[in-house]
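Readers should treat all values here as calculations from the given coordinates under stated rules, not as data from a laboratory. Please read these numbers as outputs of a predicted model, since none were measured by experiment. Cβ placement follows ideal geometry from the backbone for every residue including glycine, while neighbour counts extend to all protein chains displayed.
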Amino acid sequence: MVLVVDIGNTDTKFGIFVDDELKARWAIHSDLNRNADEHAVLLKAMLAHIGGYDIEAAIVGSVVPVLTGPIAAAVEDATGCLPRTPEADKVPSIQLEVDVPKQVGIDRVANALAAREIYQAPAIVADLGSVTTFDVVNASGNLAGVVIALGMQASAQALTAAGAKLPSVNLGRPAQLIGTNTKASMKSGVFWGYVHMVRGMIEELRQDLGSDYTTIATGGQAPLVVGDVGMFDIVDTDLTLRGLLLIEKAFGRSI
């Protein structure tokens, strides 16, 4: 059994895999002020709650350096396993065909590896989270590059910050396109602006790369927008967790 942890800017996701099957998953807010002991208490409580899992290995993938150490220490405390904390440019079995491999986030590598091994390369992976990324996996199965854009929540926050009288708004699909009050108008602009950004980016990538690329959606906002974007072949909100498991296996094979 393998515990997989994906530390993101907004949420930290946990998954327990038995062989290749994801048996349990949960998430907590990525709190920069939570220390290792506090993380360990939370993790032990969750493992006790779900019960029945004897963790044999662990991997922590992080794009939030300040949380990597505390959460890795918590994993070791809670499971007795020293977790792997891989660097993107050191992952075996995949090449990063980019200018500076050290700058690539481990989540980008996880998505690319999962797209190649579980689904099909070439592929475009749209990770619709707090940051929106489009990972391009070429026909050789390597990460060929990434497009990075604002996430939906960041877009909403930027809109609020741009106007002194603009309130904060909840994310969601608006009941109608044209708003009849400020919040409804903003909600529509944020949602439909995001949908068309994602759709337009995929169209541009397909035009640039070719139409034979499998298009995969993942990330926390995927369930909210995939129906309206309407361009995805596959939706897998656990893709990054699956990719981190593949990274753990790749390191195991390379030893």
(request) Determine, for each peptide in 97-105, 120-128, the mean count of other beta carbons within 10 angstrom over its residues, then list the peptides with the highest first. (result) 120-128, 97-105
(message) At 0.36 nm per residue, and after removing the present C-alpha to C-alpha distance, how many nm does the segment from Ala149 to Lys44 gain when stretched out fully?
(response) 34.2 nm
(request) Please report Leu42, Leu177, Leu209, Leu246 as a ranked list, fewest other C-beta atoms within 10 angstrom at the top and most at the bottom. (result) Leu177, Leu209, Leu42, Leu246
(message) Less than 11 Å Cβ to Cβ from Val18, Lys/Arg counted +1 and Asp/Glu -1: what total charge do the surrounding residues give?
(response) -4
(request) Largest first and in whole Å, give the semi-axes of the chain's equivalent ellipsoid, each being the square root of 5 times a Cα gyration tensor eigenvalue. (result) 31, 24, 16
(message) What distance in nm lies between label points placed 7 Å from Cα along the C-beta direction at Leu177 and Leu32?
(response) 4.0
(message) Can you compute the FRET efficiency between Leu82 and Asp233 using 1/(1 + (r/R0)^6), with r the Cβ-Cβ distance and R0 = 22 Å? Round to the nearest 0.05.
(response) 0.05
(request) Choose one answer from Met197, Met186, Met46: the residue with the largest mean-square fluctuation in a GNM of the chain with alpha-carbon springs under 10 Å. (result) Met46
(message) Through the Karplus equation 6.51 cos²θ - 1.76 cosθ + 1.60, θ set to phi - 60°, convert the phi angles of the stretch 234-239 into ³J(HN,Hα) values in whole Hz; use x for Gly and Pro.
(response) 9, 10, 9, 6, 9, 4
(message) Give me the dipole magnitude in Debye, nearest 20, for the stretch 2-85 about the Cα centre, with unit charges on the beta carbon: positive for Lys and Arg, negative for Asp and Glu.
(response) 160
(request) Starting at the first residue of the stretch 22-36, write each ³J(HN,Hα) from the Karplus equation 6.51 cos²θ - 1.76 cosθ + 1.60 with θ = phi - 60°, in whole Hz, x for Gly and Pro. (result) 7, 8, 8, 8, 7, 9, 10, 5, 7, 8, 5, 9, 7, 8, 4
(request) Please name whichever of Val64, Met197, Leu171 sits farthest to the positive end of the charge dipole of the chain, dipole taken about the Cα centre and charges placed at Cβ: Lys and Arg +1, Asp and Glu -1. (result) Leu171
(message) Which one, Thr218, Met152, His29, is farthest towards the positive end of the dipole of the chain when Lys and Arg carry +1 and Asp and Glu -1 on their Cβ?
(response) Met152
(request) Report the local net charge at Val64: Lys and Arg +1, Asp and Glu -1, summed over other residues whose C-beta lies under 14 Å from its C-beta. (result) -2
(request) Sum -39500 (n - 2.57) across every DSSP H segment of at least 4 residues in the chain, then divide by the residue count to get the 222 nm mean residue ellipticity, nearest 500. (result) -13500 deg cm²/dmol
(message) Under a crude label model (7 Å from the Cα following the beta-carbon direction), how far is Ala158 from Val100 in nanometres?
(response) 2.1
(message) With +1 assigned to the C-beta of every Lys and Arg and -1 to the C-beta of every Asp and Glu, and no other charges, what is the dipole magnitude of the stretch 1-149 about the Cα centre in debye, to the nearest 20?
(response) 120
(request) State the answer as a single residue: which of Ile55, Gly227, Ala139 lies farthest towards the positive end of the charge dipole of the chain, with beta carbon charges of +1 for Lys and Arg and -1 for Asp and Glu, about the Cα centre. (result) Gly227
(request) Report the charge-dipole magnitude of the chain in Debye, nearest 20, computed about the Cα centre from +1 at each Lys and Arg Cβ and -1 at each Asp and Glu Cβ. (result) 720
